[in-house]
1. When the residues of the range 38-49 are narrowed to those that are of a type in the set (A, V, I, L, M) and more than 13 Å from the chain's Cα centre (by Cα), which ends up nearest to Asn62 (Cα to Cα)?
2. Say whether the condition of being in contact (Cβ under 8 Å) with a residue 40 or more places away in the chain, surrounded by 13 or more Cβ atoms within 10 Å (Cβ to Cβ), out of contact with any Gly (no Cβ under 6 Å at 6 or more places or on another chain) and aliphatic (A, V, I, L, M) is met by at least one residue in the range 42-60.
3. Inspect all residues belonging to the range 25-34 and state whether any of them is modelled with pLDDT under 90, small (Gly, Ala, Ser), more than 18 Å from Thr6 (Cα to Cα) and in a helix (DSSP H, G or I).
4. Of (1) surrounded by 11 or more Cβ atoms within 10 Å (Cβ to Cβ); (2) without any contact (Cβ under 8 Å) to a residue 40 or more places away in the chain, Ala70 satisfies all except one. Which?
Amino acid sequence: MDEPRTYWPIWMDFLRRQGWVELAAWVLEAAGPLNILGAQLLYISQPLIPSTATQGFSALANLLEQEDEARAFAALLKGQP
């Protein structure tokens, strides 16, 4: 699998286009331990998604499993270094 952070610009672009940047940052920070449940749901749903999106879903699940990565992505969404 690609380095998970390679998907961050793609996700940020999508979130900006949808107007969900602030919401996504808030959810990543507020959900805390519940992020692991979200990761598990993504893993379970992989057979239902197109094969072209599997790596992106795996990277997102990986992000949700790692609290430090989730915080780093939330900070990036907020414009922090």
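The values are calculated or read from the model by the stated rules, or taken from the named source; none is laboratory data. The model shown is predicted, which means the values in this text are computed figures rather than measured ones. Note that each Cβ is placed from the backbone with ideal geometry, even for glycine, and that neighbours are counted across all protein chains shown.
1. Result: Ile44.
2. Checked the range 42-60: at least one residue is in contact (Cβ under 8 Å) with a residue 40 or more places away in the chain, surrounded by 13 or more Cβ atoms within 10 Å (Cβ to Cβ), out of contact with any Gly (no Cβ under 6 Å at 6 or more places or on another chain) and aliphatic (A, V, I, L, M).
3. Among the residues of the range 25-34, at least one is modelled with pLDDT under 90, small (Gly, Ala, Ser), more than 18 Å from Thr6 (Cα to Cα) and in a helix (DSSP H, G or I), which makes the answer yes.
4. Of the numbered conditions (1) surrounded by 11 or more Cβ atoms within 10 Å (Cβ to Cβ); (2) without any contact (Cβ under 8 Å) to a residue 40 or more places away in the chain, the odd one out for Ala70 is (2).
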